[in-house]
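S.K.: One structure, pasted below without further comment.
We did not get these values from a lab; they are worked out from the coordinates using the rules stated. The structure presented is a predicted model; accordingly, all values stated were derived computationally and were not measured. Glycine gets a Cβ as well: all are built from the backbone with ideal geometry, and neighbour counts include every protein chain shown.
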Amino acid sequence: MNMSVNIAGVEFKNPVMEASGTFGSGMEYSEFVDLNRLGAVVTKGVASVPWPGNPTPRIAEVYGGMLNAIGLQNPGIDVFTKRDIPFLKQYDTKIVVNVCGKTTEEYIDVVERLGDQPADMLEINISCPNVKEGGIAFGQDPKAVEAITREVKAHAKQPIIMKLSPNVTDITVMARAAEAGGADAISLINTLTGMRIDIHKRAFALANKTGGLSGPAVKPVAVRMVYQAAQAVKVPIIGMGGIRNADDALEFILAGATAVAIGTANFHNPYATVETVDGIRAYMEKYGIEDIRELIGAVR
Ligand SMILES: Cc1cc2nc3c(=O)[nH]c(=O)nc-3n(C[C@H](O)[C@H](O)[C@H](O)COP(=O)(O)O)c2cc1C
């Protein structure tokens with residue numbers, strides 16, 4: 001039985017990874033999860049310099065998920081290449097480095113400095129709703145998506161995944177723009193902008209006022225967007241948004257995702273990724289599926 005998938009020439013032993021920002025670089029989770037069993041580890045977003053993130057409180061629970069406004073806190077590329085990449089290199093898994101920036105130049109700087117690093121792919125986050133400049137400002141305008149994709153692609157040594165925002169009217173326009181700019185793959189969805197108000201304090205639950213909604217509540221929106229994007233572009237898609245287990249992951253694969261990522265679910269079940277790998281295998285055995293590729297986009 002074959003569970004491996006190929007994205008832009010990179011071979012993943014199975015289609016399951018975790019979603020950026022919910023797993024660090026796997027250090028804490030390596031106590032629970034054998035990282036060798038994952039298709040890839042996707043790192044937290046890394047910028048050219050350290051970012052302190054947003055003021056607290058910056059997470060809030062909501063029905064069916066959570067809101068976060070971390071604001072891409074990260075130690076910067078220098079610490080990251082010294083600490084996180086050597087840690088991940090110990091494992092037999094692919095390394096996907098998530099990149100963030102406030103300007104095109106900042107994205108390019110990080111991408112160039114990753115050029116000689118043993119990262120397998122770069123995931124370019126142009127969809128974070130929690131930073132004022134950059135991030136989502138790029139991800140909501142198709143011309144900007146195409147332009148930044150082209151710039152990053154011109155400077156990247158590794159294949160690039162453009163991570164798209166769901167906070168748009170028509171996801172197919174953004175998917176096509178990324179493809180036109182030369183993206184090797186796209187990933188979606190990032191979080192949906194939301195808000196929660198604490199009625200007892202009569203104040204916003206998050207210091208940032210708004211935050212990104214993630215978790216099971218967003219899954220039907222994510223599956224719909226993955227399906228629409230898969231109909232619109234030829235590049236492979238990494239699907240995410242509310243996946244908790246193999247059943248959820250299989251919905252994304254059947255909708256057209258070549259691989260899937262698990263985010264918020266890791267917070268209450270640190271075994272969610274490996275359980276999903278096992279569950280997909282059990283599903284394939286049950287239905288006599290020889291190759292996972294038979295399932296990708298099988299529902300049209
Ligand atoms: C606490 C938190 C931090 C996140 N940080 C990042 C990040 O650094 N870069 C990024 O591209 N996405 C980030 N995301 C978005 C997730 O990678 C994912 O796209 C989204 O949460 C939907 O998947 P889920 O419902 O499985 O969490 C973050 C999400 C959460 C909940």
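S.K.: Translational diffusion coefficient of the stretch 161-216 at 4 °C, 1.567 mPa s, Stokes-Einstein with Kirkwood Rh over Cα pairs, in µm²/s as a whole number.
M.R.: Value of D from the Cα-based Kirkwood radius: 98 µm²/s.
S.K.: Given the DSSP H assignment, sum -39500 (n - 2.57) over each helix run of at least 4 residues in the chain and divide by its residue total; what's the result at 222 nm in deg cm²/dmol, nearest 500?
M.R.: Mean residue ellipticity at 222 nm (helix-derived): -9500 deg cm²/dmol.
S.K.: List the residues whose amide H sits under 5 Å from the amide H of residue 205, counting only those 5 or more places along or on another chain, with H placed 1.01 Å from N in the peptide plane.
M.R.: Sorted by chain and number, the residues that satisfy this are 196, 197, 198.
S.K.: Another question about this same structure. List every residue whose amide H lies under 5 Å from the amide H of residue 7, counting only residues 5 or more places away in sequence or on a different chain, with H placed 1.01 Å from N in the peptide plane.
M.R.: 12
S.K.: Next question. Please compute the modelled spin-label separation between residue 137 and residue 180, points set 7 Å along Cα→Cβ, answer in nm with one decimal.
M.R.: For residue 180 paired with residue 137, the spin-label model returns 2.2 nm.
S.K.: Viscosity 1.002 mPa s, temperature 20 °C: Stokes-Einstein D of the stretch 206-300 from its Kirkwood Cα radius, in µm² per second?
M.R.: 155 µm²/s
S.K.: What is the Cα coordinate range of the stretch 227-276 on the first, second and third principal axes, sorted by size from largest, in whole angstrom?
M.R.: The Cα atoms of the stretch 227-276 stretch 34, 15, 13 Å along the principal axes, largest first.
S.K.: What length, rounded to one decimal in nm, is gained on full extension from residue 173 through to residue 56, with 0.36 nm per residue of separation minus their alpha-carbon distance?
M.R.: So the extension gain works out to 38.7 nm.
S.K.: Calculate, in nm to one decimal, what residue 2 and residue 298 gain on full extension: separation in residues at 0.36 nm each, minus their alpha carbon distance.
M.R.: Going from the current span to full extension adds 104.9 nm.
S.K.: Sticking with this one: Rounded to the nearest 5, what is the percent of antiparallel bridges among the DSSP beta bridges in the chain?
M.R.: Beta bridges within the chain, antiparallel portion: roughly 40 percent.
S.K.: With each label point set 7 Å from Cα along the Cα-Cβ vector, what nm distance links residue 224 and residue 286?
M.R.: 2.7 nm
S.K.: For the stretch 26-182, what is the Kirkwood estimate of the hydrodynamic radius, computed as the reciprocal of the mean inverse distance between distinct Cα atoms, to one decimal in Å?
M.R.: 16.3 Å
S.K.: So, one more: If each residue of separation counts as 0.36 nm, what is the full-extension length gain between residue 154 and residue 203 once their alpha-carbon separation is subtracted?
M.R.: 13.1 nm
S.K.: Can you give me the Kirkwood hydrodynamic radius for the stretch 1-116, using every pair of distinct Cα atoms, in Å to one decimal?
M.R.: Final number for the Kirkwood radius of the stretch 1-116 is 15.5 Å.
S.K.: In nm², what is the average projected area of the convex hull enclosing the Cα atoms of the chain?
M.R.: Result: a mean projected hull area of 14.2 nm².
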